[in-house]
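Every read-out reported here was derived from the displayed coordinates using simple, explicitly stated rules and does not represent laboratory data. All of these numbers come straight from a predicted model, not from anything done at the bench. No Cβ is skipped: glycine too gets one built from the backbone with ideal geometry, and neighbour counts run over all protein chains shown.
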Amino acid sequence: MSSSLAKKYPGELCVVCEQSKVEGIHLYTSFICSHCEKSIISTDTRDPQYKYYLKKLKKINTPEIYS
């Protein structure tokens, strides 16, 4: 990405790594960067890192219709 484009689109704050990133997905009202998305998907449920991801994902606010 060119520096001028990065200045126009600084990215969004990832709910997992808490860094500003340009590429990723939106889950309800939250953003998950591509790197974290790939890490979450590839982490085995027995891996200690899995609990870390669960804790971070609990921050995601669901729309009122699901509450």
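Structure data summary
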item	result
DSSP-loop trypsin sites (Lys or Arg not before Pro) across the stretch 24-60, with at most 12 other Cβ within 10 angstrom	ARG46, LYS58, LYS59
FRET efficiency for GLN19 and ARG46, using Cβ-Cβ distance with R0 set to 22 Å, rounded to 0.05	0.25
